[in-house]
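Here, each number is a calculation from the coordinates, and none is a lab measurement. What you see is a predicted model; the values in this text were computed from it and never measured. Glycine also receives a Cβ, built like all others from the backbone with ideal geometry; neighbour counts cover every protein chain displayed.
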Amino acid sequence: MGRHSSDASPAAASTDAAVTVVDDEPVTRFGPLTLSRGTTRINLSAYYWLAVTSIMIFTFVPAAQTALLTTVVGVDEGEAGGVVGTAGLIAEIVLIATVGLAGAWSDRLGRRPIVVGGYTLMGLGIALTPFVGSVIPFYAARALAGVGIAMITVMITAVVTDYVRDETRGKANGFLGLCNGIGALITFFFLLKLPSIFEGSLFAGQEDSETSALRATYLVVAAVALGTALLLRLTLRGGRVSEHTEHIPITTLLKEGVREARRPGVAFSYVSAFVARADLALVGAFLTLWAQQYATRELGLSEAAGLAKAGALLGIANGVALIAAPVIGIVADRLSRKDAVLISLAIASVGYTATIFIEDPFSPLGYTIAAIIGVGQVSAVISSQVLVAEQSPVKTRGSVVGTFALSGGIGIMIAFAAGGTLYDAWRPAGPFVLFGILAGIAFVYGLIIRSKIPSVAYETIEARLAAAGQVPSGLPGAGQ
């Protein structure tokens, strides 16, 4: 049984199979997706390229740094967890300082300038990273890339929300997860193998072949980022999405994002983002570090070969996530979005807590739990994004999405700060167990407030009240 009440009247037949009529307005379709007014198929195709390349680069940055720290920066293995945690912490402080402004400025300037600027900064930061000579410059380069990552993080949610009508946003976010999975697989099965490939071909026989191979790999990724910035400048939709924010100060927009947390649905989306975004950090940084160190220490592999083997493990996790992504998108459309988030949090909690039983990350148990983690990770990210899109008012959506990303940034910051300490002082599973517990707490919180979260998109409620001549405020179950 469907779970949405739609603001759309029945679609009228059209001579163009890709166009329907909703509320007497022609609407473009892209496969099973219904596009918003003014959005073209090229715009949406460009967005999904953004989805592939962004996660490809997001996962590369923390995953590749393990070999870089050992080979280029000269960090001892026993200190690697702390350095990884500190680097991630700095990157997330930058993210927290950036995401709110990025969301607010995107309401003012449009999404495209923020996306293009984000890719440009990210590319520059990645290009500088392999040429650092010590830890401090390494942190600075990560911070520069972190500004770009923060800008793109906000736009991933905001753009798909702008481009697709609510009744198919679950499927749209399912395709987003599919593209994210493809991007991650490209990283784990190709980009992380480039150092080993370059070392054995382009730089074979050179004394510093491992360093040269890592630098070449980073420059390839930086080129992808800068090339994507140019491509998206030409293909994403320009202009502002809404006229509502034209005369609203930036500080007001930021306050609005926090104020909307009075609505239980928005508050739950913020909590789920806290856990979901931290999941990405744990997999990209600490699972890679764990696997790569085990491969070099216990299996006797080189840094480049160990990184490639670690990438294969993460590839399994993301391959399973690739299959799960469209499934959770369908679930989010057919069940309530809040229940999709609850299911995702439960899976994430089980997967992360179970890492305490892993001794060998390359054992059958290690691969199995990595697969469960992959499902929980992608499900939590997709379902929380759909929930925040459903529960946020249209005119403050950029600010709500910025705050949503801010909450995720805080989660990642805690994951890196506490996770790095737990990794070095306790065991490699420490960061995962911590967030398995936090995911369980978020699940319980969601159950408690579930009945207070409306199951109809807020923009649909707004439309109905506006049609009745009422002001869409003080909604039952929406923060009052």
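Here are some notes:
- Counting lysine pairs in the chain that sit 8 or more residues apart in sequence, or on different chains, and whose Cα atoms lie under 16 Å apart gives 4.
- Stretching E207 away from F131 to a fully extended chain increases their span by 25.7 nm, per 0.36 nm per residue minus the current alpha-carbon distance.
- Options S399, A380, V341, ranked by Cα towards positive dipole end of segment 334-416, top entry (Cβ charges): S399
- Length-normalised contact order for the chain - Cα pairs under 8 Å, 6+ apart - percent: 24
- Charge tally for T71 (other residues, Cβ to Cβ under 11 Å; Lys, Arg +1; Asp, Glu -1): -3.
- Placing a pseudo-label 7 Å from each Cα along the Cα-to-Cβ vector at R259 and S451 gives an inter-label distance of 3.0 nm.
- Label-point separation, R297 to T368 (7 Å along Cα→Cβ), nm: 2.5
- The chain: angle of helix 111-128 to the longest principal axis, Cα-based, in degrees nearest 10: 0
- Rg ratio (alpha-carbon, reference 2.2 N^0.38 Å) - segment 37-467: 0.93
- Sorted on the mean count of surrounding Cβ atoms within 10 Å across their residues, most packed first, peptides 200-208, 412-420, 392-400 read 392-400, 412-420, 200-208.
- Net charge, Y119 excluded, C-beta distance under 13 Å - Lys, Arg +1, Asp, Glu -1: +3
- Neighbour net charge for S209 - beta-carbon separation under 12 angstrom, K R +1, D E -1: -4
- C-alpha long axis of helix 250-259 to longest principal axis of the chain, angle in °: 90
- The chain: angle of helix 169-189 to the longest principal axis, Cα-based, in degrees nearest 10: 10
- Highest mean packing first, where packing is the average number of other Cβ atoms within 10 Å per residue, the peptides 162-170, 35-43 line up as 162-170, 35-43.
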